[in-house]
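Here's the structure we're looking at; comments come further down.
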Amino acid sequence: QVQLVESGGGLVQAGGSLRLSCVASGRTFSMGWFRQAPGKERELVSGISRIGGSTYYADSVKGRFTISRDNAKNTLYLQMNSLKLEDTAVYYCAARLGASYHYDSREYEYWGQGTQVTVSS
């Protein structure tokens, strides 16, 4: 049974930072961080390939967010800096069996429970 357990969300003022973590049980996966704000579709924020050689960032977070992974710990991270009001959303980590991340959430087999990130003014 694969489980993804996220942590690190919370309330932060605009301009602040948070680091999300996601611990995956079982094998190593290609991973992605998605987010979903109220009334909006779930979107891929950042993705990383199975061994970490390839990464992706949505234009809205480039230069502010950094994805990384520690495969020895089966842990995925998302360092979020210079947070903006529009970053407020539920953030989900997701895992897929393919070699790399995918933009389509339907391509991910496993999902975490989500963690709320709220950015205040």
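The values are calculated or read from the model by the stated rules, or taken from the named source; none is laboratory data. Keep in mind it's a predicted model, so treat the numbers as computed, not measured. Cβ placement follows ideal geometry from the backbone for every residue including glycine, while neighbour counts extend to all protein chains displayed. For the accessible areas, the whole protein counts, side chains as well, though only heavy atoms, and no ligand, DNA or RNA atoms are used. Shrake-Rupley method; radii C 1.70, N 1.55, O 1.52, S 1.80 Å.
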Matching residues in segment 23-58 - criterion: being modelled with pLDDT under 95 and of a type in the set (Phe, Trp, Tyr): 29
Between a residue in segment 72-100 that is within 11 Å of residue 119 (Cα to Cα) and any residue that is of a type in the set (Ser, Thr, Tyr) and surrounded by 14 or more Cβ atoms within 10 Å (Cβ to Cβ), which pairs come within a Cβ distance under 8 Å, given they are 6 or more apart or on different chains? 88/118
State whether the residues of segment 57-75 include one that is within 12 Å of residue 34 (Cα to Cα), out of contact with any Pro (no Cβ under 6 Å at 6 or more places or on another chain) and open to solvent by 40 Å² or more (accessible area, probe 1.4 Å). yes
Just name the residue that is nearest to residue 116 (Cα to Cα) out of those in segment 19-54 that are in contact (Cβ under 8 Å) with a residue 24 or more places away in the chain, open to solvent by 30 Å² or more (accessible area, probe 1.4 Å) and assigned to a strand (DSSP E or B). 36
Considering only residues that are over 17 Å from residue 70 (Cβ atoms) and open to solvent by 60 Å² or more (accessible area, probe 1.4 Å), which ones fall in segment 4-16? 11, 13
From 42, 96, 35, 27, grab the single residue that is closer than 26 Å to residue 1 by Cβ, out of contact with any Phe, Trp or Tyr (no Cβ under 9 Å at 6 or more places or on another chain) and basic (Lys, Arg). 27
Residues of segment 29-77 classified as of a type in the set (Lys, Arg) and more than 18 Å from residue 104 (Cβ to Cβ), total: 4
